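The values are calculated or read from the model by the stated rules, or taken from the named source; none is laboratory data. On a predicted model such as this, the values are computed, not experimentally measured, just so you know. Neighbour counts are summed over all protein chains in view; Cβ atoms, including those assigned to glycine, are modelled from backbone coordinates with ideal geometry. With ligands, DNA and RNA removed, areas are computed over all heavy atoms of the protein, side chains included. Shrake-Rupley method; radii C 1.70, N 1.55, O 1.52, S 1.80 Å.
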Amino acid sequence: MQNGGMDALLAPGSIAVVGASPDSWYSSQLIDNLLDYGFDGDVRFVNPSRETVWGEPCYDSIDDVPEVVDLVVVSVPRRYVVETVRDAAERGTPAAVVITAGFGEADEEGRDLEDDLAAVAEKHDIAVCGPNTIGFANTHDETVVTSTCSRKPEKGSIGLVSQSGALAFTTFFERAADEDVGFAYVVATGNEVGLSTSDYVEYMAEDPRVDVICIYLEGVDDPRRFMEVARAATERGTPVLTIKVGRSDVAERATMSHTGSLTGDTAAWDAAFEQSGVERIPDVPDLLGRAAAHATYEPAASPNVCIASTSGGLASLLADMADERDLELPDITGETEEALLGMEDLLTFGELHNPADIRGYGADVLPEIAETLFADGSFDAYLFAIGLPAVDERAEGIADDVLRVAEAADAPTLFLWTGRKDAREGQEPPLPYERVREEIPLYYDPSRAMDALASLVDVGQRRRTLERRAGEDSSEPESATRPDTTLPEGMLAWGEASALLESYGLSPVETRLATSSEEASALAEEAGLPVAMKVDSADVPHRTDAGAVEIGIDSSEAAREAYERIVENATTYDPAARIEGVLVQSMADGGVEALVGVTTDETFGPIVTVAPGGEFVELLDDGEVLVPPISKEEARAAIERTHLETLLEGHRGRRGGDADALAAVVARVGDLAVAHPRVEELDLNPVVVDETGVSIVDVLVRIGEGND
């Protein structure tokens, strides 16, 4: 969808409302809001049952409107919607908002109508918002196209995209308006027949009036495009904050591999957010609190923050909260500490720490304290906590000082005011704290304030991470060659699985196939004792459960006997199993065991997991998921978030391993998963990692239906 359609939708110069009627609550409220809240373009009304409405002529159809309008608002019974949008599109109208409900969310007839509407939108290239949408607001252009907006929206720099219409205005907008937090856009996406959440995010990220984008997300049809536009927004300096709700009907998890058991319902979404720079937010108040901070300040340059509190107890609480959020609290030392201790009004003795307990007296010299702290180069973000009443006479002066400090700050500076908020007798609004929040974000709850501060730090780190990754090639290695033949459906035998891996530069340990006990004996000698032996059968994926794996075989005679036992056990386990023979492998000499695997997610398709392997799989239950393609840096960051990071550094006398070599394996497995979507399940477990590199010891691959 080109921006022309989006411009016509969100900033139209002229609008036609089809279904305009004073007797319809939805259309009448929408029109009242449109007219009352400042829209200065032409508004036409269409309703064959009326001659005039709102003092203007009412036309029988969109074809009777004298001019081609930019936007048609459709509020008619569902059986007329497709025809109405088609007529408008054929006249050249570039955008439509379909308020009408009763489509895909309702019944089979509604789903059929929704398909027809989608076909019209695609054929005529008309930008459609909805159906089943509550509408939108564009505050800067004073275009409010919704029935659910109790007051005129004030201009702001937050873009909101919500897949819940009611939440968009009755919750997000109303709560924000109560706190003097303004939006640039509020869009309820409806059923997303035409325009998707990704389209709105992409559009808002390119609007210089938008400083931060908030999303209420239930799901997307094209998750990889969502990742692309979110990443692009973050890279260009527009943070993306998302509440992700709902658990999709997750496809039946693979049961053949360990990888499936490590992949939770939300793991793929968490991975997608991490890789695209999106910050996931737990609830509505927290979303608004963080968004307000981002609308005011650029992200912090580092995790180094300074906290000053008028209460020692509050300072201790904030210190614990900072630690929980991985914020750094550098000491206040040297000239900064001396200057603060020298302030007579501060009444602080001995030494200062961070958080700094400036006591109640500190509220009276807040600008001087802030000036001293700002001059110290140790901090990149600040929080001033005031544990005093926010409505008395003293609060008037504190409010003035808070605004002075905010104006002087050249780094993110947040304010927490925890004292009394209800007016004292005879006080008239605005109250002192209300004057503050009209100008800057103000927080009343310590956790909300710390979440906002941490978000400024987190988004800064995410942006820098994406900038580092931007130049890294995550495409398929040049050395990789794809197999010439299509992959057979079902589990692959060792030879087939090895060939697939090797085409992506992933070489399993040297493995020989024995088809008799005598050959097993000879191959064991050739490989170099001791060896490991395991059945090669696509029908016996769980070799250990079948008793079809033996390790530490240290003689040719032992190899001969092991062969017989392995074949017998595998046959007993599954009498119908096709047995290719027994694999003979050299034993890996120590190292850290890791797992790298692929499963298929219902939403994202192939996803890659990296985790401690071998004996640690069930013990630690500690996997990280990535959505391919995967850069080596993304893979390395995922490894750091698991116990593998500690194990690879050397754990309790065990040898460590090359984490970068393991990251390269993860990235190449991602390339394989993208190129071969029929690989429904892949397990490399264990991948033995030591100081010299990696050894892929065991492989399990299951291929789904279809062709590559």
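The residues in the stretch 652-675 that are out of contact with any strand residue (DSSP E or B) (no Cβ under 8 Å at 6 or more places or on another chain) and modelled with pLDDT under 95 can be counted, and the count is 3.
Residues in the stretch 145-154 that are polar (S, T, N, Q) and assigned to a loop (DSSP other than H, G, I, E, B): 147, 148, 150.
Counted as qualifying within the stretch 581-689 are the strands (runs of 3 or more DSSP E) with 2 or more residues that are in contact with a Lys or Arg (Cβ under 9 Å, 6 or more places away or on another chain), namely 581-586, 592-601. Restricted to the stretch 371-411, and to residues that are in contact with a Ser or Thr (Cβ under 9 Å, 6 or more places away or on another chain) and in a loop (DSSP other than H, G, I, E, B), which residue is nearest to residue 421 (Cα to Cα)? The residue in question is 390.
The requirement of being aromatic (Phe, Trp, Tyr) and open to solvent by 20 Å² or more (accessible area, probe 1.4 Å) is fulfilled nowhere in the stretch 93-104; no residue meets it. Among what's in the stretch 31-63 and is more than 15 Å from residue 74 (Cβ to Cβ) and of a type in the set (Val, Ile, Thr), pick the residue that is least open to solvent (accessible area, probe 1.4 Å). The extreme case among them is 53. Scanning the stretch 496-527 for residues that are open to solvent by 30 Å² or more (accessible area, probe 1.4 Å) and closer than 16 Å to residue 586 by Cβ yields 507, 509, 510, 511, 512, 513, 522, 525, 526.
Selection within the stretch 267-309: residues that are among the β-branched types (Val, Ile, Thr) and surrounded by fewer than 24 Cβ atoms within 10 Å (Cβ to Cβ). The member of this set that is nearest to residue 417 (Cα to Cα) is 296. Residues considered: 684, 648, 644. Of these, the only one that is modelled with pLDDT of 95 or more, crowded, with 23+ Cβ neighbours inside 10 Å and of a type outside the set (Gly, Ala, Ser) is 684. Among the candidates 565, 560, the residue that is part of a helix (DSSP H, G or I), free of Cβ contacts under 8 Å to residues at least 24 places away in the same chain and open to solvent by 60 Å² or more (accessible area, probe 1.4 Å) is uniquely 565. Determine, yes or no, whether residue 319 is among the small types (Gly, Ala, Ser) and touching a residue at least 40 places away in the same chain (Cβ under 8 Å). Answer is no for this residue. For the stretch 314-342, residues that are open to solvent by 70 Å² or more (accessible area, probe 1.4 Å) and not in a helix (DSSP H, G or I) total 4.
When residue 585 is tested against (1) over 30 Å from residue 276 (Cβ atoms); (2) open to solvent by 10 Å² or more (accessible area, probe 1.4 Å), just one condition goes unmet, and that condition is (2).
Residues in the stretch 109-144 that are under 16 Å from residue 162 (Cβ atoms), assigned to a loop (DSSP other than H, G, I, E, B) and not aliphatic (A, V, I, L, M): 130, 131, 132, 133, 139.
When residues in the stretch 114-133 are screened for being open to solvent by 30 Å² or more (accessible area, probe 1.4 Å) and hydrophobic (A, V, I, L, M, F, W, C), 2 of them pass.
Every condition in (1) farther than 22 Å from residue 457 by Cα; (2) of a type outside the set (A, V, I, L, M); (3) assigned to a strand (DSSP E or B) is met by residue 420 except one, and the failing one is (3).
Listed here are the residues, each with its yes/no results for (1) buried (at least 19 other Cβ atoms within 10 Å of the Cβ); (2) among the polar types (S, T, N, Q); (3) at negative phi.
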| residue | (1), (2), (3) |
| --- | --- |
| 544 | no, yes, yes |
| 572 | no, yes, yes |
| 577 | no, no, yes |
| 594 | yes, no, yes |
| 599 | yes, yes, yes |
| 607 | yes, no, yes |
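So, in the stretch 377-395, exactly how many residues are open to solvent by 20 Å² or more (accessible area, probe 1.4 Å) and in contact (Cβ under 8 Å) with a residue 60 or more places away in the chain? Give the steps one after another, and end with the answer.
Kept after step one, since they are open to solvent by 20 Å² or more (accessible area, probe 1.4 Å), are these residues of the stretch 377-395: 377-378, 380, 387-389, 392-394.
From what is left, the residues that are in contact (Cβ under 8 Å) with a residue 60 or more places away in the chain are 378, 380, 387-388.
Result for the stretch 377-395: 4.
Looking across the stretch 9-30, the residues that are in contact with a Ser or Thr (Cβ under 9 Å, 6 or more places away or on another chain), of a type in the set (A, V, I, L, M, F, W, C), in a helix (DSSP H, G or I) and surrounded by 23 or more Cβ atoms within 10 Å (Cβ to Cβ) come down to 10, 30. When residue 148 is tested against (1) within 29 Å of the chain's Cα centre (by Cα); (2) over 20 Å from residue 27 (Cβ atoms), exactly one condition is not met: (2).
Among the criteria (1) within 24 Å of residue 118 (Cβ to Cβ); (2) without any contact (Cβ under 8 Å) to a residue 60 or more places away in the chain; (3) not basic (Lys, Arg), the one residue 4 does not fulfil is (2). Pairing each residue of the stretch 143-171 that is in contact (Cβ under 8 Å) with a residue 40 or more places away in the chain and open to solvent by 10 Å² or more (accessible area, probe 1.4 Å) with any residue that is among the basic types (Lys, Arg) and not in a loop (DSSP other than H, G, I, E, B), provided the two are 6+ apart or on different chains, yields no C-beta distance under 9 Å.
Within the stretch 73-81, not a single residue is free of Cβ contacts under 8 Å to residues at least 40 places away in the same chain, within 18 Å of residue 195 (Cα to Cα) and touching a strand residue (DSSP E or B) at 6+ places or on another chain (Cβ under 8 Å).
Could you please let me know if residue 35 is within 36 Å of the chain's Cα centre (by Cα) and outside any loop (DSSP other than H, G, I, E, B)?
no
With respect to the conditions (1) buried (at least 19 other Cβ atoms within 10 Å of the Cβ); (2) under 19 Å from residue 405 (Cα atoms), residue 360 lacks only one, and its number is (1).
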